[in-house]
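One structure is given below, encoded as structure tokens.
The values are calculated or read from the model by the stated rules, or taken from the named source; none is laboratory data. Bear in mind that the values here come from a model prediction, so they are computed numbers and not experimental data. Heads up, the Cβs are rebuilt from the backbone with ideal geometry, glycines too, and the neighbour counts pull from every protein chain shown. These area figures cover heavy atoms from the full protein model, side chains too; ligands, DNA and RNA do not enter into them. Shrake-Rupley method; radii C 1.70, N 1.55, O 1.52, S 1.80 Å.
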Amino acid sequence: MLQKLNFKPGFNKQATDSGAESQWVDGDFVRFRYGLPEKIGGWSQLTNSNNTLPGVARAQHAFTSIAGEKYVAIGTSQGLFLYYEGEFFDISPLATAITGATFDATSGSLTITVNKTSHGLLDGRYVTFSSVTVPTGSGYATSDFTNNTFEVLNKTADTFEITMPSNSAASSSGTGSAQIDPYEIVGPTFQTAGLGWGTDTWGSSTWGTASATSNVILDPGLWSLDNFGQILIATIHNGKTFTWNPGVATPRANRATVMSGAPTKTRLTQVSDKDRHLFHFGTETTIGDTSTFDPMFIRFSDQENFNEYQPTSINTAGTFRLDKGNEIIGAVSGKDYTLVLTDTSAYVIQYVGPPFTFSVRQVGTNCGLIGQNALSYSNGFVFWMSGEGGFFRYDGTVKTIPCLVEDFVFTTDGNNLGINYNSSQLVYCEHNTLYNEINWFYPQANSEQSNRCVVYNYAEQVWTTSSLDRSSYIDQGVYDLPYATDYDKTALPNFPIQGITAKYGASIYYAQEIGTDQINSSGTTSIDAFILSGDFEI
């Protein structure tokens, strides 16, 4: 005789197997719909040539140009890239140029030595060249240097090497000339406790200063991405802000450029869509002076003008400082407000017009955000993961979300995998509209990269966990499916650097919720899903 077994939907990892009678206690790659479990959708690699990006992707933003062109901006630890019509394009901004370089070439060799006294570049940094005179007799064309990006290899104080697309035709020493145009430094690939040489001055010209304490935590290379109309706004975490405009001639051949008039050190930026101001959260009290950086200070632009930040009697630019917490962690735009989260508290910023422009009010305490990207506005709610443990939502009031997998995510007691709090900035949250899900991708305890996912189905109010590992994710909207990045720290990227090494690993770009398998350049791989119940009585 068949007997129907009724199990409550969702996972309960707070109880023992015997205590979770007639409940599900574990599983992988499963979700719940209408109270029943099913396997999640598969994923398929994007880009026509199966290209992968250098470094680990830490942010994505989809937007549409006035001409109707669909773009996704992808910020990695190594640069800024566009996905458009099945291809990647490199729009990484360039740092201050280094002039006066010459070249050494060796006949029959791909290796060129670049000579420049005290160039200050590190192994693994990416550079381009301009104003090039090719090395004498090498047989290279100017375009071999100017049309490629190169990785710095085997650097000394006054030289470094690059790998050319073809062998040199002849040997020469100290010939030719060029300007070196380095990529802007984004930051470390991972977030780690800083020990030893170089941990105190990431990206500075004095790299090499020693840190003797693990209290120094190096934030990973992060981006905040948004659009002001059709213009992409891209800010390096604790760095400069850049813009990229699809409305100019040959846009995808152009790089993002530094935003004029803006602060030069900002934690993150956010566009206030309704009133068209640009917020800089955690920024300089004196524009252009990085020594005045204040992690709780907020500066906003004049209305409709993101190049003007100095308040005057005839504009709406302004500043204010939050007072609860040590630093602003993240921000997100809601229906008619911006929710700002520090490490301890929640604030709402709303446009009220002249003379004050914005109102700022505290709406929550003991609910701080765990990482810059650990929040999402979805279906009228803001959801976030807290660094103080637990999950929250805001719908006019800050509320704790009851969670039956909370200990599994936040502690390592018993069989709980926990989270790596020293890598909290890696947490990435995004909505999956197709299934009413909020996904948080996070690094489990002792992992230096995201390798776990916890999911809240807000329609059915159930939780699941899985080993789905994604470093960034965007909801469907501009595109019909969610898009996500998967990082492999040992992989060799194939776009877009000449002579690239596997120093920073590679990111694969996937369309999610396609079929039931993983499809990429390696072929088709089955996704093995399972679900496990607690005890039950027949």
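If only the Cβ of Lys and Arg carry +1 and only the Cβ of Asp and Glu carry -1, the dipole of the chain around its Cα centre is close to 660 debye.
Protein heavy-atom accessible surface, 1.4 Å probe, per residue over the chain: 41 Å².
What a 1.4 Å probe finds exposed on the range 73-184 is 45% carbon and sulfur by accessible area, rounded to a whole percent.
Legend: calculated FRET efficiency, K335 to E537, from the Cβ-Cβ distance at R0 = 45 Å, rounded to 0.05, equals 0.45. Working from label points 7 Å from Cα in the Cα-to-Cβ sense, the I217 to N167 distance is 5.2 nm.
Note that the range 244-312, at 25 °C in a medium of 0.890 mPa s, gets a Stokes-Einstein diffusion coefficient of 189 µm²/s from its Kirkwood radius over C-alpha pairs.
Cβ-Cβ distance of K489 and A529, R₀ of 30 Å, FRET efficiency by 1/(1 + (r/R0)^6): the value works out to about 0.75.
Once the C-beta distance of T292 and S359 is scaled by a Förster radius of 30 Å, the resulting FRET efficiency is 0.75 to the nearest 0.05. Solvent exposure of Y435, expressed as accessible area, is near 50 Å², computed with a probe of 1.4 Å over the protein chains only. Measuring nothing but how far apart in sequence close Cα pairs (under 8 Å, 6+ apart) lie, relative to its length, the range 210-352 scores a relative contact order of 14 percent. The length gained on full extension between Q179 and E21, counted as 0.36 nm times the residue separation minus their Cα-Cα distance, comes to 49.9 nm.
Averaging the Cα positions of each part gives two centres, and for the range 434-493 and the range 112-151 these lie 39 Å apart. Shape call for the range 443-521 from the C-alpha gyration tensor, a ≥ b ≥ c root eigenvalues: rounded (a/c under 1.5), prolate (a/b greater than b/c) or oblate? In terms of gyration-tensor shape, oblate.
Probe radius 1.4 Å, ligands and nucleic acids ignored: give me the carbon and sulfur share of the accessible area of the range 385-538 as a rounded percent.
44
Assuming charge only on the beta carbon of Lys and Arg (+1) and of Asp and Glu (-1), the dipole of the range 62-164 about its Cα centre is about 200 debye to the nearest 20.
Excluding same-chain neighbours fewer than eight residues apart, the aspartates and glutamates reachable from K324 by a Cα-Cα span under 14 Å are D294, D343.
The convex hull drawn around the Cα atoms of the chain, when projected onto a plane and averaged over every direction, covers 27.5 nm².
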